[in-house]
Amino acid sequence: MNILLEFFVVTFRVLWAFVLAAAKWLVRPKEKSVAGQVCLITGAGSGLGRLFALEFARRRALLVLWDINTQSNEETAGMVRHIYREMAEEAAAAAGPGVAGDGEKDVLPHCNLQVYTYTCDVGKRENVYLTAERVRKEVGEVSVLVNNAGVVSGHHLLECPDELIERTMMVNCHAHFWTTKAFLPKMLEMNHGHIVTVASSLGLFSTAGVEDYCASKFGAVGFHESLSHELKAAEKDGIKTTLVCPYLVDTGMFRGCRIRKEIEPFLPPLKPEYCVKQAMRAILTDQPMICTPRLMYMVTFMKSILPFEAVVCMYRFLGADKCMYPFIAQRKQATNNNEAKNGI
């Protein structure tokens, strides 16, 4: 094709993409069904991972829960089973007294709703591959992969032990490589699946005091974007990807983090339930990326076009330049208290 003609075609497609994006703002796309599909969630024992599990359970997905903490993972599984029982009872009641015993089968005749739990340290490559093999043998192939597990060290760079820096990078970034390599081949074969990367707004722009965390989340974002392009280049349009980049979420992970008090009422920490519901809406409508709140899109855009000194001025005005310092101070105090309690 003549390059000039091709340029006009590309221009038209770019403009058409804007039109489609605007249309989705006006008309909410229909959510796809994940009923009966195997959905694997890492870091499912608490926080956003637990809430993702509950949301997928309400949509009748068959759940595989990974977490390093066996007890908290089983607690999440118990909540999921409770949701399954409620749905079965509702289906039995709707079916009538004559077929109440087969209520669960009536609602999903081809899907036996179950939840499977695995204790897995996603920061350890061999642990991921061995657990993934168990999942394939005991459950089946994974259709929806939610890479959610994350950790934070809570130390300034020069005070942070090398082991904690490595741990942060392994769990928050490298684990995405291992889980994706474990489950993507079958998705490619079937041309069907969905990979969700739960990153952070700190994977799009950074702040002081959390160098390791920001680096790991920037890495996760870069991995996700490159993977998305690779799937497009391979013309595997049946495999969808969604990048989730929330602002500070009130899960306790960054307890103590504070921006300027006059600004905080307009930009408070996100409620975990709200964050997950927004992310679920994006996943089920095959939205490539979701930033919560929408203001994060503007912050990312401004960071890209403004001079660095202008960005620094904005950070200082918002109190974002040292927002992590109270959190780090609390972490340090807690560490000192634990050491004193243990007689160290």
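In this structure, does SER46 turn out to be out of contact with any Cys (no Cβ under 6 Å at 6 or more places or on another chain), closer than 17 Å to MET253 by Cα, surrounded by fewer than 22 Cβ atoms within 10 Å (Cβ to Cβ) and without any contact (Cβ under 8 Å) to a residue 40 or more places away in the chain? First the steps, then the outcome.
On the way: out of contact with any Cys (no Cβ under 6 Å at 6 or more places or on another chain): yes; closer than 17 Å to MET253 by Cα: yes; surrounded by fewer than 22 Cβ atoms within 10 Å (Cβ to Cβ): yes; without any contact (Cβ under 8 Å) to a residue 40 or more places away in the chain: no.
When the stated conditions are applied, SER46 does not pass them.
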Specify which of the listed residues (GLU273, GLU309, GLU262) is open to solvent by 60 Å² or more (accessible area, probe 1.4 Å), in a helix (DSSP H, G or I), without any contact (Cβ under 8 Å) to a residue 40 or more places away in the chain and not small (Gly, Ala, Ser). GLU309
On the given criteria, is ILE283 modelled with pLDDT of 90 or more, of a type in the set (Val, Ile, Thr) and either open to solvent by 60 Å² or more (accessible area, probe 1.4 Å) or touching a Gly at 6+ places or on another chain (Cβ under 6 Å) (or both)? no
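I'd like the full set of residues that are in a loop (DSSP other than H, G, I, E, B), open to solvent by 50 Å² or more (accessible area, probe 1.4 Å) and closer than 30 Å to LEU188 by Cα, limited to the range 109-165. Walk me through how you get there before you give the answer.
First, the residues of the range 109-165 that are in a loop (DSSP other than H, G, I, E, B): 109-114, 120-124, 139-143, 148-156, 160-161.
Within this subset, residues satisfying the condition of being open to solvent by 50 Å² or more (accessible area, probe 1.4 Å) are 109-110, 112, 114, 124, 141, 156, 161.
Residues satisfying the conditions are PRO109, HIS110, ASN112, GLN114, LYS124, GLU141.
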Could you check the range 235-250 and list, in sequence order, the residues that are open to solvent by 60 Å² or more (accessible area, probe 1.4 Å) and under 21 Å from ILE41 (Cα atoms)? LYS240, ASP250
Of the numbered conditions (1) over 17 Å from VAL139 (Cα atoms); (2) outside any helix (DSSP H, G or I); (3) under 17 Å from the mean Cα position of the chain (by Cα); (4) not charged (D, E, K, R), GLY49 satisfies every one except a single condition; which is it? (2)
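Would you check which residues across the range 312-339 are surrounded by 14 or more Cβ atoms within 10 Å (Cβ to Cβ) and under 21 Å from PRO265 (Cα atoms) and list them? Can you show your working first?
Step one: of the range 312-339, the residues surrounded by 14 or more Cβ atoms within 10 Å (Cβ to Cβ) are 314-315, 318-328, 330-332.
Across the range 312-339, the qualifying residues are MET314, TYR315, LEU318, GLY319, ALA320, ASP321, LYS322, CYS323, MET324, TYR325, PRO326, PHE327.
The values are calculated or read from the model by the stated rules, or taken from the named source; none is laboratory data. Since this is a predicted model, take the numbers as computed values, not measurements. Cβ atoms come from the backbone with ideal geometry, glycine included; neighbour counts cover every protein chain shown. For the accessible areas, the whole protein counts, side chains as well, though only heavy atoms, and no ligand, DNA or RNA atoms are used. Shrake-Rupley method; radii C 1.70, N 1.55, O 1.52, S 1.80 Å.
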